[in-house]
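K.L.:
Before I ask anything, here is the structure I am working with.
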Amino acid sequence: AGMDTTGCLCVRAPLVVRKHAVGALYLAIRPGKEFADADLALIQGLAERAAIAIDNARLYIETQQALASGSATATQLDTIFNATDVGIFVTDAQGAFLRINPYGAQLLGLPPDALEGVSPGAKAPFELRTAEGEVIPTDREPLHLARTLGRPIEQRIIIHRHSSSKDIQALTRCSPWLDERRQVAGAIGVVTDITTIYELERQKDEFLGIASHELKTPLTSLKILAHLLARNMQASCERRE
């Protein structure tokens with residue numbers, strides 16, 4: 001934090017994902033104002049989400065370019081798939097999975113390089129849920145929507161793994177990919193585990209809720225005392241008259 005040339009108080013938050021800086025977030029407020037601790041926590045959360053969104057977009061573009069260019073860049077595609085620690089999923093036009101990278105298999109609770117259990121009609125060892133915890137029907141899953149609607153789909157989801165009953169909070173970006181005839185040939189999904197960020201947000205909300213309650217308690221007592229004092233003063237003045 002610091003002052004800029006106009007005298008405004010400003011905050012610069014680095015956009016960092018997997019220990020790599022992808023940009024910076026800059027915010028400024030008018031002179032005389034200050035950032036509260038809750039504001040700084042919110043700014044940090046925004047910076048973390050922005051970094052993830054930027055990195056997801058980069059991974060999607062690289063993966064789509066590699067798919068579009070065919071076998072000549074198979075090595076490049078394999079490198080992208082295997083070296084990154086976000087889940088990458090590629091389906092064909094019917095929704096069958098063509099590729100799942102090792103980290104993606106880990107997110108779903110599958111063995112590395114395994115496609116079994118995620119093909120259409122098979123009973124998967126996991127289920128996708130909305131951020132509110134409701135099971136997402138197959139025809140509303142992000143990859144399906146991206147493929148059938150022909151446009152990018154961004155969604156916050158929960159991956160529930162049956163084997164461990166563990167819920168993973170995730171941010172997903174899914175987009176259709178096109179063949180050489182510019183027809184939808186399938187979909188690409190990039191999924192980022194944001195469980196740690198979710199827990200930090202939950203703890204921040206709990207803290208703010210407790211702090212707000214604790215502040216309200218003495219304020220309520222003061223309001224009651226002030227009201228009683230006002231009534232007593234009014235009654236005293238009436239008796240004097």
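K.L.:
Of all residues in the range 126-178, which are over 28 Å from GLU199 (Cβ atoms) and of a type in the set (S, T, N, Q)?
P.N.:
Hits for the range 126-178 are THR138, THR148, SER175.
K.L.:
Yes or no: ILE210 at pLDDT 85 or above and within 26 Å of the chain's Cα centre (by Cα)?
P.N.:
It is false that ILE210 is at pLDDT 85 or above and within 26 Å of the chain's Cα centre (by Cα).
K.L.:
Sticking with this one: From LEU42, LEU77, grab the single residue that is in a helix (DSSP H, G or I), open to solvent by 70 Å² or more (accessible area, probe 1.4 Å) and either modelled with pLDDT of 75 or more or of a type outside the set (Ser, Thr, Tyr) (or both).
P.N.:
LEU42
K.L.:
Still on this structure, I have one more. Out of the residues in the range 107-122 that are surrounded by fewer than 16 Cβ atoms within 10 Å (Cβ to Cβ) and more than 17 Å from GLN94 (Cα to Cα), state the one that is modelled with the highest pLDDT.
P.N.:
PRO111
K.L.:
Check whether at least one residue in the range 153-171 is of a type in the set (Ser, Thr, Tyr) and either within 20 Å of the chain's Cα centre (by Cα) or assigned to a helix (DSSP H, G or I) (or both), and report yes or no.
P.N.:
No.
K.L.:
Let me ask something else about it. Can you work out which of the residues in the range 123-148 that are more than 19 Å from the chain's Cα centre (by Cα), open to solvent by 40 Å² or more (accessible area, probe 1.4 Å) and farther than 16 Å from GLY87 by Cβ is modelled with the lowest pLDDT?
P.N.:
Across the range 123-148, the extreme among qualifying residues is LYS123.
K.L.:
Being in contact with a strand residue (DSSP E or B) (Cβ under 7 Å, 6 or more places away or on another chain) and more than 19 Å from ASP92 (Cβ to Cβ) is the filter here, so list the residues in the range 158-172 that pass it.
P.N.:
ILE158, ILE159, HIS160, ARG161, HIS162, ASP167, ILE168, GLN169, ALA170, LEU171
The values are calculated or read from the model by the stated rules, or taken from the named source; none is laboratory data. Since the structure is predicted, the reported quantities are computational estimates derived from the model, not experimental observations. With ideal geometry, Cβ positions are generated from the backbone for all residues, glycine too; neighbour counts draw on all protein chains shown. Only protein heavy atoms, including side chains, enter the accessible area calculation; ligands, DNA and RNA are left aside. Shrake-Rupley method; radii C 1.70, N 1.55, O 1.52, S 1.80 Å.
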